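**Student:** Input: one structure, supplied below.
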Amino acid sequence: MSEERPKRKHAAEPDPPRDPSFEDSTQRLGAIVEQLERGDLPLERSLELFEEGVKLARSAQERLDRAERKVEELLGVDASGRPVTRELASGGEG
């Protein structure tokens, strides 16, 4: 009998990038807003931060939209009063 061991990552194999959590996104977005509101950054840096902020805001909004759809699914009931749930498709809509 061979015992299977979990595969170890080599030090050179980075973890795949993952989206920051909603909380991390909103915290970073707040920091970006503070920096931009100071008005003391060069134009290029301001544009970089603005672009990052837009991406974070869109990502956070998508997470909120998915959470809202999930809540609506969980609160739904059928004609018999039983909860109605179904698997939500992953990915963005609209």
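The numbers here are math on the coordinates, done by the rules we state, and not lab data. The model shown is predicted, which means the values in this text are computed figures rather than measured ones. Note: ideal-geometry Cβ built from the backbone for every residue, glycine included; neighbour counts use all protein chains shown.
**Student:** Counting only other residues whose beta carbon sits under 14 Å from that of Leu49, what net charge do I get with K and R as +1, D and E as -1?
**Tutor:** -3
**Student:** Note down the nm distance, to one decimal, between modelled labels 7 Å out along Cα→Cβ at Ala31 and at Ala57.
**Tutor:** 1.9 nm
**Student:** Shifting gears a bit: Within a Cβ distance under 13 Å of Ile32, other residues only, what is the Lys/Arg minus Asp/Glu net charge?
**Tutor:** That works out to -2.
**Student:** If you take the charge dipole of region 22-75 about its Cα centre, with +1 on Lys and Arg Cβ and -1 on Asp and Glu Cβ, which of Ala57, Leu43, Leu29 is farthest toward its positive end?
**Tutor:** Ala57
**Student:** What net charge do the residues around Val71 carry, taking every other residue with its C-beta under 13 Å from that of Val71, with Lys and Arg at +1 and Asp and Glu at -1?
**Tutor:** 0
**Student:** Taking a ≥ b ≥ c as the square roots of the eigenvalues of the Cα gyration tensor of region 33-87, is the shape rounded (a/c under 1.5), prolate (a/b larger than b/c) or oblate?
**Tutor:** prolate
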